[in-house]
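**Q** Mind having a look at this structure? Questions to follow.
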Amino acid sequence: STHEYKLNFKKSKEMCLSYIQDAMLQKQWKRAAEFLTFYIESLEKDFSTEYMGPSEMIWRIGTEILCHHSHSSMKEFNSFIEQMKTLGVKRYLKVCLEHAFHLLCNGLIDEAYQNLSLAESWRFGEQTAIQDKEMKLIQAYRGLLDYYSWCKQKNVLLQHGQNGFEDLSVEQEMHGCFRKAAMNLKEIIKIPGVWDLFVKCYVDLLEFYGDHNEAHQVLNEYAYNSKFPANPNAHVYLYQFLKRHGESKKSLISALKILHDIVPSHELMIDFNIMLQKSKKRKKRRLGLEVIFAALDYAGWKENVKAWSCLARQVKQIVISEKHLDWIKQEWNSRKDWWPAFHFSRYLAKRNWQENESLSYEKALVAGILLGKDCKYFKYVSHQGCKAQVKRFRILKKFVNKHSPVYLRMSG
Amino acid sequence: RDFNERCAQCSEVNWGLTDGGRFYCRSCHNVTERTREVVNTDFISNTRIQTISKGLRKQEKNDGGCEWYVCEGFQLVLKKQAEALEALGVCPQMKDEILCNFWRRYLQKTKQAYCNRPAGETVKALSVCDSSTDVDSEPERPSLLHLLSLSESEGDLQTDCSFASSISKVSESTSVCSGSVDGSLYLMKNRKEKLRMTMPMTLSFCYMALLWLREPMTLSDLLRFVEEGHIPYLNVFQHFPEKMKLYGLDLKIFCVESWPVYEEVYNKMLELAAFLDLPRFPDITDSCFLHPDMLCMKYLMEANLPDELHNWTCRVVKKICIGEADFLTLVPGNKSKRNVKYDVLAAAVIVVVLKLLFLLDDQYEWLLSDFAEERNKNNKEGGPYFEFKKWYKVIKCSLDVKQKKLDEERAKYLWRCEKPLFYSAKKKSKVLKRRQMVVNLQNQFGKLSGSVQPAEKPNPSSFQLSWSEENTDGSCFHGHSLKGILQEKCGLLTAMNPDYWLCTVKLCNEKLCGHLAHYREVDFPQSYHFVLRLFSFLLRIQPSYIHDEVCVVEHKLFNKKLCKKPKYNTGLRK
């Protein structure tokens, strides 16, 4: 007969594990280590039928404890990890990879490189094929470290170059690193994923050696290949590359378009808006207005003078030309319920005026046009500005007064 | 001595033992020729075990081991346990005479030794397998997986499968699968017999011997000593001599992965006693430790309750006639009588007395305590009156601390020992490597544990909680008086509490559902649960087990009232 409360090996170890977890959550590392000592013998009954067996538990818990415990050293950690590597063949590469990360976090770059190289040469029957993904990662990170060496050597060369020295051996080594790095980085970015760091480094290498085509292609792939997860950074990298190489406005704009769709609050939206405003195409200018309004929907932009000045300029320009007032109306429609409280409250008027005159100026212009000359914000700021005898506020006041019918037309 | 068969010559039952270990009739000096085996309690590697069909056994095998039978292994285990008990203060008679004879009797009854045909048939079957001529008559060899699944002990499917697959290619004699000669046979053949020897059963043997001698050790004490490590159980095979190699199927037999449960050990003991045709055990009288009066006294002390309560427990015991020798003494095979678990019974009696005096309905006991407190203020002479509230606070505090400590210790059990186990020779190196790694890791993290780890076993003690009257903080209640909650009526002191509630109106049929009652904590008052929890801790058994016994005691106590009135609500007046 089975008694549910019978204390057996399995239950006893489960209890032990819960004590370990409690201790870890409370950062009591000594206590966690103590209970781990008693948990370790479950390795002798490790059958890996569960999702996470004892050997993986011990690896993960042991790593945490050794990271945080005040008395543990790098040497101890390394010896522990070496034992963990022998525990589970199926996990070997994962452990190697995490070991390398740990070494990097502790600044032991050479050791990390050695570990990664060693792991790269590992072969174990069909496991090698099964752990293919981890292997690719290992190669990628080793490639990254090669890139890092390359950078160092490049800097050395540049310095020597400045001092008038030439160093053939360093140059050769540098090229060697380049080859190694390029090979590995190229491989990993073929696989759909988020590889920002790898992409940047690879592109850097390509640009240095003058292979702009390849670089462009890589960035295009990274940004536009639908198999890859949507990644705002991909578009940023592409845009920056295009800008560096003096590409046409058209291509720059198309690069930023998707970024606007994914992240309307991105800091590049200002650049985007400026480009769009200047465009001759109506659609682009229309888009520009949309872009800048969308950016200012976000709290992080509330006090950004540049953004407000962009909006102010564009709105002012539209009002003066008396063309496309409907654009403003369209944009304002979905915002008129909440923007007043969000941007143009009396409190904000006071604060903006006190803290940042330029900000209050730009905002007042926008407020005056969107909400009319009688709105709280405009009234307060323009009054204050005129009182302080700042010239531009007088001009502002006149301008808004002159174009107040516009507001009436809009709000109607 | 305890051998009840009639002598073939003179029909008397008067047996003694020769030096050679055979039974002889004292009346006519007829020596039984039946016993051919000599199994000493000391395992000497020169001993040759002869069976009729097998012949001399080989001395040495390749790995320096020798042949040994499973029952020899168990014999060693029992010997070690008996020695440990002796070290705890049990009289030597237990080891040298009682346990010994019980064991021999068992061997005889199960036809493993001391009889005409020890497992001869199956041994023959083995040798038949080897020869190729008797292919037709060859009995079907059970697959190893089948063998493994027959074993009752909980196993790990993975190990079993991996073991079976590694061995399946072996077509030699089955002794390769185990260090013992008859490991596989043991598992296969004896399945049908319910009394195949197992590790928990060794404790049943021990308890039976203790009971026969009426030693002052209850079953819960015994099991607690086992868990605390004072009596070898968990890795007892460590003490097997070098030559007795243990592997393969032996692991299924001798390795335990769980602590024995009270009910299991107890029930097996009853079965065993009946199986061995033992006569009525020596009487349990009121001077015995196991008598309810004595045990109640002990538990009252341990539970820090007033000595005066003992009068009440004795009254209850007397009233329901559970102090009679006939009731208390074990008569093996007597199915009409319910057998007595002395420790649980004593605890149940105390619980009933507490219910009688304090009601324990989560209200009355507190009111009564306040009342006693009031009376205590005016109480100048004599000892203080017992206040339930104070007692509760003190006990709860201690109990929580002890329970927490016990829980932590249980989480820290180390199940493995230095002597590594492996299912087959192939696995040996892997197992050893694992062991080495485990030891390394234990050392590494042990150093990070901070304080030194003294592997202290608590000193074996009969008492888990102790209270001293010398403590000035008033935390000892032994000397407190019950007067605070009693009243005088007709010159007698009776309880102020007029009510009582039954734990259950009707007892279940034990044969149907295995229990007499079903305990759920939420159905009962918290004070009642607290008291159960206290004894549950002391006896290391589940509260429901005590609850069952409480129900039985109550039903005996209120028997008349229960029989008279068929309709009942669960409260009644005494």
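Every number in this text was worked out from the coordinates using simple rules, so none of it is lab data. Predicted, not measured: the structure shown is a model, and the values here were computed from it. A quick note on method: Cβ atoms are made from the backbone with ideal geometry, for glycine too, and the neighbour counts reach across all protein chains shown.
**Q** If you plug each phi of the range B:276-281 into the Karplus form 6.51 cos²θ - 1.76 cosθ + 1.60 with θ = phi - 60°, what whole-Hz ³J(HN,Hα) values come out, in order, with x for Gly and Pro?
**A** 7, 6, 6, x, 4, 6
**Q** So what's the angle, to the nearest 10 degrees on a 0 to 90 scale, between helix A:249-262 and the longest Cα principal axis of chain A?
**A** Orientation of helix A:249-262: about 70 degrees from the principal axis.
**Q** Ok, one more. Within 10 Å of each residue's Cβ, count the other Cβ atoms and sort A:Arg286, B:Arg104 from fewest upward.
**A** Details: A:Arg286 16, B:Arg104 21.
By the 10 Å Cβ count, ascending: A:Arg286, B:Arg104.
**Q** What's the angle, to the nearest 10 degrees (0 to 90), between helix A:282-295's Cα axis and the longest principal axis of chain A?
**A** In chain A, helix A:282-295 runs at an angle near 60 degrees to the longest axis.
**Q** I need the calculated FRET efficiency for the pair B:Asp400 and B:Arg338, taking r as the beta carbon distance and R₀ as 35 Å, to the nearest 0.05. Please report the intermediate quantities before stating the final value.
**A** Values: r = 35 Å, r/R0 = 0.99.
Calculated transfer efficiency: 0.50.
**Q** State which entries of A:Lys94/B:Lys447; A:Lys13/B:Lys447; A:Lys13/B:Lys427; B:Lys80/B:Lys111; B:Lys252/B:Lys402; B:Lys412/B:Lys433 exceed 30 angstrom in Cα-Cα distance in the structure shown. The partial results should precede the final answer.
**A** Details: A:Lys94/B:Lys447 27 Å; A:Lys13/B:Lys447 21 Å; A:Lys13/B:Lys427 24 Å; B:Lys80/B:Lys111 23 Å; B:Lys252/B:Lys402 34 Å; B:Lys412/B:Lys433 23 Å.
With Cα atoms farther than 30 Å apart: B:Lys252/B:Lys402.
**Q** Through the Karplus equation 6.51 cos²θ - 1.76 cosθ + 1.60, θ set to phi - 60°, convert the phi angles of the range B:87-103 into ³J(HN,Hα) values in whole Hz; use x for Gly and Pro.
**A** Karplus-based 3J(HN,Hα) across the range B:87-103 equals 5, 7, x, 6, 5, x, 4, 4, 6, 6, 10, 5, 4, 3, 5, 4, 5 Hz.
**Q** Find the relative contact order for the range A:1-88 and round it to a whole percent, using C-alpha pairs within less than 8 Å whose residues are 6+ positions apart.
**A** 22 percent.
**Q** Still on this structure: Please give, to one decimal in nm, the separation of the simple spin-label points placed at A:Lys281 and A:Asn356, each 7 Å out from Cα toward the Cβ.
**A** 3.2
**Q** Return the FRET efficiency for the residue pair A:Leu197, A:Lys376: r is the Cβ-Cβ distance, R0 is 51 Å, and the value is rounded to the nearest 0.05. Please list the in-between numbers first.
**A** Numbers: r = 48 Å, r/R0 = 0.95.
In this case the efficiency is close to 0.60.
**Q** Going Cα to Cα from A:Lys284, which lysines come in below 24 Å? Please leave out same-chain ones fewer than 8 positions away.
**A** List returned: A:Lys243, A:Lys249, A:Lys250, A:Lys257, A:Lys306, A:Lys316, A:Lys323, A:Lys329, A:Lys336, A:Lys363.
**Q** Rank these for me by crowding, A:Ile258, A:Ile109, going from fewest to most other beta carbons within 10 Å.
**A** Details: A:Ile258 17, A:Ile109 14.
Placing the least packed residue first, the sequence is A:Ile109, A:Ile258.
**Q** Classify the range B:339-486: rounded, prolate or oblate, from the alpha-carbon gyration tensor (a ≥ b ≥ c, eigenvalue square roots; a/c under 1.5 rounded; otherwise prolate if a/b is larger than b/c)? Can you show the working numbers first?
**A** Values: a/c = 3.83, a/b = 2.57, b/c = 1.49.
Cα axes put the range B:339-486 in the prolate bin.
**Q** Restrict the search to the range B:327-382; then list the GluC sites (Glu not before Pro) that DSSP places in a loop and that have at most 14 other Cβ atoms within 10 Å of their Cβ. Spell out each step's value before the answer.
**A** Values: sites: B:Glu365, B:Glu373, B:Glu374, B:Glu381; in loops: B:Glu381.
Those that pass, being in a loop and sparsely packed, are B:Glu381.
**Q** Go ahead and run the numbers for FRET between B:Ala87 and B:Lys243, Cβ-Cβ distance against an R0 of 22 Å, rounding to 0.05.
**A** Details: r = 26 Å, r/R0 = 1.17.
The pair B:Ala87/B:Lys243 has a calculated efficiency of 0.30.
**Q** Let me ask something else about it. Quick check: from the Cα gyration tensor, does the range A:1-135 come out rounded (a/c under 1.5), prolate or oblate? Mind showing how you got there, number by number?
**A** On the way: a/c = 3.05, a/b = 1.39, b/c = 2.19.
Taking the square roots of the gyration eigenvalues as a ≥ b ≥ c, the range A:1-135 is oblate.
**Q** Can you give the relative contact order of chain A as a percent, counting alpha carbon pairs under 8 Å and 6+ residues apart?
**A** 6
**Q** Report relative contact order for the range B:318-396 in percent, whole number only (criteria: Cα-Cα under 8 Å, sequence separation at least 6).
**A** On the way: 32 pairs, mean separation 12.9, N = 79.
For the range B:318-396, the relative contact order is 16 percent.
**Q** Taking the simple approach of a point 7 Å from Cα along Cα-to-Cβ for both B:Glu324 and A:Cys105, what is their distance in nm?
**A** 7.4
**Q** Is the range B:424-545 best put as rounded, prolate or oblate by its Cα gyration tensor, with a ≥ b ≥ c the root eigenvalues, rounded for a/c under 1.5, and otherwise prolate when a/b is larger than b/c, oblate when not?
**A** The shape class here is oblate.
**Q** Taking the 0 to 90 degree range and rounding to the nearest ten, how far is the long axis of helix A:212-224 tilted relative to the main principal axis of chain A, both from C-alpha atoms?
**A** Helix A:212-224 sits roughly 90 degrees off the main axis of chain A.
**Q** Fewest Cβ neighbours within 10 Å first, please rank B:Val394, B:Val181 accordingly.
**A** Details: B:Val394 17, B:Val181 23.
With the sparsest Cβ surroundings first, the list reads B:Val394, B:Val181.
**Q** Something else: Can you pull the one-decimal nm distance between simple spin-label points at B:Asp499 and B:Asp362, each 7 Å off the Cα toward Cβ?
**A** Inter-label distance under the simple model: 1.3 nm.
**Q** When ranked by the protection proxy of mean other Cβ atoms within 10 Å per residue, highest first, what sequence do the peptides B:311-319, A:266-274, A:297-305 form? Walk me through the intermediate numbers first.
**A** On the way: B:311-319: 17.2, A:266-274: 20.0, A:297-305: 14.9.
Top of the packing list down: A:266-274, B:311-319, A:297-305.
**Q** If you keep only loop residues by DSSP, which trypsin sites (Lys or Arg not before Pro) in the range A:36-131 have at most 12 other Cβ atoms within 10 Å of their Cβ?
**A** A:Arg123
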